[in-house]
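Contents: one structure, followed by commentary.
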Amino acid sequence: MLAEQGYVSARALSTVVFLALKLGRPLLLEGEAGVGKTELAKVIATALGRRLIRLQCYEGLDAAQAVADWNFAAQMIAIRTAEAGGNADRDALRAELFTEDYLIERPLLAAMRPQAGGAPVLLIDELDRTDAPFEAYLLEALSDFQVTIPELGTIKAPEPPIVIVTSNRTREVHDALKRRCLYHWVDYPDAARELAILAARAPEANEALSREIVAFVQRLRGEDLFKKPGVAETIDWAKCLLALDTITLTPEVISDTLGAILKYQDDIQKIQGSEAKKLLDEIRKEPLLK
């Protein structure tokens, strides 16, 4: 199923995805940025024909921004209208104001709603960017597939969403949340699988160039870099080289396009020039892919 969508998965990852779908358990994916965690959720949604609902996490994220918020502007208009019409019964007005008509639905609540085509795929992306209180709030959603809105009560999903949680491990996710999920560490692919990924995502690249690209990136990951390139950077670099009509790697073209695979100036300066030539000579002398 994943391969049909152009996602080249390792056997262990395919197995844990199958189990998450079969058992209805959330799946926590950890790993470096750019190894395909977010893309996996998108591919599952496309393959199953389900709606993808994405909650992008960030520092300071709270329940109002993740679950639901009240449309205060519309509520104020309703209050002014009621006052102008002489209908100022406070209890009746309060009951009217705190209904779903004035509710702004956010990703977590949307994921608990019935959807055409079946339960949606809920992507909780980069959970490690949030703080502990929000992570604790998620426990109810991941355990019972429900959310609580004080004014409305508890809203439970009629069919549990398919939940994919990702983390770049900038901090540890709490054990309580991990226990509610199946877990998988998404590592950098080996050379053979990365070549297969490149063939699926940048098929225009000829085989010889693809082999050089993959071998060079694999060598780069063995260097002492601040941020090693992920698979996403490998694909981006291949597309950049194709845009330049590159047939084979040279030290000059590598130096000119390093910004596609390395995102820190210190790393770029370290690899530019003679170091790029050295790595290129190494991969041609001892190819990783024969």
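The values are calculated or read from the model by the stated rules, or taken from the named source; none is laboratory data. Just so we're clear, the structure is a prediction, and the values are computed from it rather than from any experiment. Cβ atoms come from the backbone with ideal geometry, glycine included; neighbour counts cover every protein chain shown. Keep in mind that these areas ignore ligands, DNA and RNA; they rest on the heavy atoms of the full protein, side chains included. Shrake-Rupley method; radii C 1.70, N 1.55, O 1.52, S 1.80 Å.
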Residue in the stretch 126-148 that is among the small types (Gly, Ala, Ser) and not in a helix (DSSP H, G or I) present: no
Checking LEU109 against (1) in contact with a Phe, Trp or Tyr (Cβ under 7 Å, 6 or more places away or on another chain); (2) open to solvent by less than 40 Å² (accessible area, probe 1.4 Å), the condition it does not meet: (1)
Qualifying residue in the stretch 63-80 (condition: in contact (Cβ under 8 Å) with a residue 60 or more places away in the chain and assigned to a helix (DSSP H, G or I)): yes
The stretch 158-185, subset open to solvent by 10 Å² or more (accessible area, probe 1.4 Å) and among the aliphatic types (A, V, I, L, M), residue nearest to LEU2 (Cα to Cα): ILE162
Test: residue in the stretch 93-107 that is in a loop (DSSP other than H, G, I, E, B) and within 19 Å of the chain's Cα centre (by Cα): yes
Residue satisfying all of: in the stretch 263-278; among the hydrophobic types (A, V, I, L, M, F, W, C) and in contact with a Leu (Cβ under 7 Å, 6 or more places away or on another chain); nearest to CYS240 (Cα to Cα) among these: ILE268
Some residue of the stretch 3-20 being acidic (Asp, Glu) and open to solvent by less than 60 Å² (accessible area, probe 1.4 Å): no
Selection count where residues are of a type in the set (A, V, I, L, M, F, W, C) and under 18 Å from the mean Cα position of the chain (by Cα), scope the stretch 137-177: 8
Top-ranked residue in the stretch 228-251 [being closer than 18 Å to ILE271 by Cα and touching a Lys or Arg at 6+ places or on another chain (Cβ under 6 Å); ranked as least open to solvent (accessible area, probe 1.4 Å)]: PRO251
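Report yes if some residue within the stretch 214-223 is part of a loop (DSSP other than H, G, I, E, B) and buried (at least 22 other Cβ atoms within 10 Å of the Cβ); otherwise report no.
no
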Matching residues in the stretch 198-213 - criterion: being open to solvent by 20 Å² or more (accessible area, probe 1.4 Å) and either under 24 Å from ASP267 (Cα atoms) or part of a helix (DSSP H, G or I) (or both): ALA199, ALA200, ARG201, GLU207, ALA208, ARG211, GLU212
